[in-house]
1. Answer yes or no: is there a residue in region 453-474 that is more than 17 Å from M171 (Cβ to Cβ) and more than 18 Å from the chain's Cα centre (by Cα).
2. List the strands (runs of 3 or more DSSP E) that sit entirely inside region 40-153 and contain at least 1 residues that are touching a Ser or Thr at 6+ places or on another chain (Cβ under 7 Å), surrounded by fewer than 21 Cβ atoms within 10 Å (Cβ to Cβ) and in contact (Cβ under 8 Å) with a residue 60 or more places away in the chain.
3. Of the numbered conditions (1) modelled with pLDDT under 90; (2) within 24 Å of S132 (Cα to Cα), V102 satisfies every one except a single condition; which is it?
4. Out of L293, L303, L342, L298, report the one residue that is part of a helix (DSSP H, G or I) and in contact with a Ser or Thr (Cβ under 9 Å, 6 or more places away or on another chain).
5. Just a yes or no: is a residue in region 369-376 of a type in the set (S, T, Y), closer than 16 Å to L451 by Cα, surrounded by fewer than 24 Cβ atoms within 10 Å (Cβ to Cβ) and over 19 Å from the mean Cα position of the chain (by Cα)?
6. When you go through (1) open to solvent by less than 40 Å² (accessible area, probe 1.4 Å); (2) in contact (Cβ under 8 Å) with a residue 60 or more places away in the chain; (3) under 27 Å from Y230 (Cα atoms) one by one for C327, which number turns out not to apply?
7. Can you go through R215, R198, R190 and tell me which one is of a type in the set (K, R), open to solvent by 10 Å² or more (accessible area, probe 1.4 Å) and under 24 Å from V281 (Cα atoms)?
8. Only one of these is over 21 Å from the mean Cα position of the chain (by Cα), open to solvent by 40 Å² or more (accessible area, probe 1.4 Å) and modelled with pLDDT under 95: A527, A521. Name it.
Amino acid sequence: MNIPLSASFSLFFGLTLPFSLASQPDDMPGLIPLPSSIQLQDGMVEFRDLGPLAAWARQSPDAPIRSKEDWKQLGDSPTRAELAPLPVASLGGDPEAYKITVSPELIRIEAHSRLGVLRAAATLKQLLDDNSMIPQGTIEDRPRFRYRGFMLDSARHMQSPDTIRKLLDQMADLKFNRFHWHLTDDEGWRIPISAYPRLTQIGGTPDPGNREQERNGSYSEEEIMDIVQYARARGIEIIPEIDVPGHAAAISAAYPQLLCPTNRDNPPISQRSNSLSHTEVLCIGNPGLLDFLETIYLETSKLFDTKTIHIGGDEVKTQFWKKCPLCSAALRQSGLNSMEELQLAFLRQLSERLAKHGIQTITWAEHPEKGLTPDIIAQGWRGHPNQTIAALNAGIKTICSDGGGKGYAYLDFPGYPKTAKPLWMPVLSLEQVYAYDIPINQVEESKRNLLQGGEAALWTENILSRDIEAQIYPRLHAVAEKLWTPRERQNAEQFMQRLGKLRKRWENSGIAFEQPPNPSAAMVLPATIDTNIPATRNFQPPYAFDGRETTSFISSRHIQEGDYFTLILNAPERLSRVRVLTGPYFCRDAGKENALADGALLQISTDGTTFTDAATFRDGIATVQWPQGQTVKSIRILTQKSQPHKLAIGDIFVEPFVAQESAPDGK
């Protein structure tokens, strides 16, 4: 399935559709995104054909609806259900448009294609109550934007196919139609390329000994093809991303000859870290690089059965090119003025090669005004200054993913000031996400129709699979409504009312939502913490004892002699081991030092009052073990001298004692 990007955006720029709600807001059903037009009436009708209807539409979502069909035989609803084509010009002829009419005698769905039937089925699913009843009335609906995307980063942490399929189901329920799949980065290469097997053999397993899960591995061809078909059946097109020429630690670990010759002697950056330095870049002066990459992208296009590919292009440290004789020579030969312009020229050359194979490329909008061409789609991600606006004014088709600064799209930002994150990362609340809208008034009027739509993103440097749902919901619901519902129909208060009703159903089905902070409830064992060390805002003390690899405690000042950090268990526990990990290796958001100096003490108390020295810190780590077990009430970290840096505590591990049973006859 290749959903077209071109569309009429009259909905966004001022044309209003008929809209009314017969019911008061308190009676409004939990519909998200809100349809363009909805008129509900008193009375309910039984409907049991939703499952068969959706299954029928998934068989061929691109197929048009050419004649009236009766699919009552697919289910056992007492009310007759009918499917019919929309008039050709109705609702703009949009393939995702639909009309639902519910009366006591007939449930009628009209659409231009089976894709529209899928969107109608998503609305009916939200309308159905627990007794398979739906309200009478009429709904007419079509999307505000043709491009409504969600991006998942599977390079930093890799998710299972089952996790991705579940996410695709939820995206379909919210009427998203693009799944942007970020598959390569410094931390890992997740897609098999038969021409270059080392990409997954080495780039996909950057650190076999890494203590974190989900850091190593890659998807098989069979897994990818299955996910592509699964998404397509739900009206979702997958756009794979192979990010070049930056974010290249994984690819350069597999094929170091792709680096600049002046950079090959440098050891690859640690792929265990939160690699915000982006120091590995491919050598764009290498005469064989474009051939190498063209092979990769053509295999990717075939594997994903797609003619749209994201080629990355962001956060490139061009200073490495300035030191490279090959890149410097390429700059001189090009007649360009800077390495930034040479980077854009490289992306144009790559896009031109792929265009000869019918492949449409998308790039992150780095300096779009300096040289991207209209045949490339730009994706704006910096909200300040606004790349989306710059790209549109440069005459380039653009997707809005405004994230940093003022934006709505980066759902790895915490929704509450609770989770340990880098200090630069702001809180992005549900209210902020819903309130944001693309500042289209800053775009020349003749170029506003170049806006393709928008996309939310989840970067997973700090996110494991188990945390994805609670990280993105309910903020992804707000994004869905921003991209589907006409701007003039969006209402924050009504959205919150509808969300409350829909949220209950989602949570009852086992889907997690982000909750307000309650740090003490997240600790491994019931406990309190007593410390004289002030914490940095998003790195509070309980994160040192929450059992999570992605959180930590970080002080807001330098370590002083006599500083203490005491973990007080609510009830004494018999333990076999206590281990405390400090410093940057165990705290990805910490600085280069931030570890306790050798000689700092790890103390234990059995009664919570009297402490004894149990171990000393060495290289930021202290461990104490009791083969026969030890009752512990409190664990204290005590510094012995001042240090010119902050303290970062990644984890306080406690291992309960388990008595070994003797074998019969002493064996």
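1. no
2. Because the criterion is at least 1 residues that are touching a Ser or Thr at 6+ places or on another chain (Cβ under 7 Å), surrounded by fewer than 21 Cβ atoms within 10 Å (Cβ to Cβ) and in contact (Cβ under 8 Å) with a residue 60 or more places away in the chain, the strands (runs of 3 or more DSSP E) in region 40-153 that meet it are 133-141.
3. The failed condition is (1).
4. Going through L293, L303, L342, L298 in turn, the sole match is L342.
5. Yes: region 369-376 contains one or more residues that are of a type in the set (S, T, Y), closer than 16 Å to L451 by Cα, surrounded by fewer than 24 Cβ atoms within 10 Å (Cβ to Cβ) and over 19 Å from the mean Cα position of the chain (by Cα).
6. Of (1) open to solvent by less than 40 Å² (accessible area, probe 1.4 Å); (2) in contact (Cβ under 8 Å) with a residue 60 or more places away in the chain; (3) under 27 Å from Y230 (Cα atoms), only one is false for C327: (3).
7. Testing whether each residue is of a type in the set (K, R), open to solvent by 10 Å² or more (accessible area, probe 1.4 Å) and under 24 Å from V281 (Cα atoms) leaves just R198.
8. After ruling out the rest, the residue left standing is A521.
The values are calculated or read from the model by the stated rules, or taken from the named source; none is laboratory data. Because the structure is a prediction, the values reported are computed rather than measured. Methodologically, a virtual Cβ is constructed for each residue, glycine included, from the backbone with ideal geometry; neighbour enumeration extends over all protein chains shown. Accessible surface areas use protein heavy atoms only, side chains included; no ligands, DNA or RNA. Shrake-Rupley method; radii C 1.70, N 1.55, O 1.52, S 1.80 Å.
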